1. Near Ala219, within a Cβ-to-Cβ distance under 11 Å, what is the net charge of the other residues, with Lys and Arg +1 and Asp and Glu -1?
2. Can you list residues from other chains, or at least 5 along the same chain, whose modelled amide H is less than 5 Å from the amide H of Thr36?
3. In percent, how large is the relative contact order of the chain, given Cα pairs closer than 8 Å and 6 or more residues apart?
4. Rolling a 1.4 angstrom probe over the protein chains, ignoring ligands and nucleic acids, what is the accessible area of Thr214 in square angstrom, nearest 10?
5. Once phi is turned into θ = phi - 60°, what whole-Hz ³J(HN,Hα) does the Karplus curve with 6.51, -1.76 and 1.60 give for every residue of segment 187-194, x standing for Gly and Pro?
6. Amide H neighbours of Leu112 under 5 Å, at least 5 residues apart or on other chains, H built in the peptide plane: list them.
7. Going by amide H atoms built from the backbone, whose H comes under 5 Å of the H on Gly381, apart from near neighbours?
8. So what are the three principal axis dimensions of segment 95-184 from its Cα atoms, in whole Å, longest to shortest?
Amino acid sequence: MLDTGTLRARFQQHYGIPPSVIVRAPGRVNLIGEHTDYNDGFVFPVAIDRATYVAARLRHDQLVRVASSDLNEEDTFAIDQIERSNRPWHNYIRGVALALRVAGHPLLGADLLIASDVPRGAGLSSSAALEVAVGYAFQVLNNLNMLGEELALLAQGAENNFVGVQCGIMDQLIAVLGRADHALLIDCRDLSYRAVPLPPSVAVVICDSHIPRTLAASAYNQRRQECDMAVQLLRRWYPGIRALRDVSEDHLAAHSDALPEPIRSRARHVVRENRRTLQGAEALERGDVVTFGRLMNESHASLRDDYQVSLPDIDILVETAHHLAGCYGSRLTGAGFGGCTVSLVERNEVESFSRDLLRVYHNATGRTATIYVCRASDGVGRATDNAGPQE
Ligand code: GLA
């Protein structure tokens, strides 16, 4: 957790006045339900205890000034004339401000200072955390009346339309809705959700492979197109389907010959992953971690073989984890092509699990991974050590 006292002092140093509020929005790790959100399906993520913080103060003009707490990045723009910048970091913030205004929320200018302990580019949704934290800071400063789901949709819209990444809704939703000690089963069609408690004896262990995710964006967009193609082809028999969410395993089996590869495999992953996600949430609700772990392992095999978003070094992490004592299940998490794995591990085995996983991975690949044992935390809100009275 970042120290809000330090953040407040930096804000004062930089802008010559203290912030009126500090907010935080968490990164996420998805336990199961991968590449299902943009198919109107089910996901089961956890908000992690690493977050992006925004210290903020309203200005009484149209200017927005933004600085990162290490002052490596700075930006200034006029709130009534927002243009795209050639720096992605700027666009997350500008895009959210523009999305709020386009949705009809009047905004005044603001001074913002941003800090984060969500690793960037590791597949733990540092961008969604940034978008949601900035959106929430504007919401608080301008006293906007907005539901959490609306904030998530605006943040996703900013990423889709302004930053230009065609992500689904999972990351922004969990950054808003996350609940301490729970995972959320989210229906990405109607955005309804159910919080499922995580068993206290089990730890969520994230392992960052440190493989650069260079292919991720192009492969992601390609997978989305392949899913759309599967829906178009299957409509010949099932004209009512809107997304792969509406396709059952029986539907697929009946017409699999009509789907060329790799469309058939992509569709099979999504349809089965939706089933696994629902079964997994039910298993955890019964406290059945063994079944949940088995479903995680199946999810990984499907991401590797059918969806083809894993990499050999990620498979080494996952297969090593499968054989270590105390591990119920392990899989690639997030979009893939690098990034992180997530494992559910018996709490008293976490130390030896982490040590052995890092050692085997290093010996096999020459890479040094990083482990985060994460605690499920709450979604966006004011940072607990608050910055004092509001304007
Ligand atoms: C990325 C996207 C999400 C989701 C996952 C894959 O994290 O931002 O919307 O599609 O990949 O499950």
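1. In short, +2.
2. Amide H to amide H, under 5 Å and 5 or more residues apart or across chains, Thr36 pairs with nothing.
3. With pairs under 8 Å counted, the relative contact order is 25 percent.
4. Near enough 120 Å² of accessible area.
5. Karplus-based 3J(HN,Hα) across segment 187-194 equals 8, 6, 7, 10, 6, 6, 8, 9 Hz.
6. For Leu112, whose amide H was placed from the backbone, the distant partners under 5 Å are Arg65, Val66, Ala67.
7. Those lying under 5 Å, H to H, from Gly381 are Arg24.
8. 33, 29, 24
The values are calculated or read from the model by the stated rules, or taken from the named source; none is laboratory data. Values in this document were obtained by computation on a predicted structure and should not be read as measured data. Counting neighbours? That spans all protein chains shown, and the Cβs are built from the backbone with ideal geometry, glycine included. The area values use the complete protein model at the heavy-atom level, side chains included, leaving out ligands, DNA and RNA. Shrake-Rupley method; radii C 1.70, N 1.55, O 1.52, S 1.80 Å.
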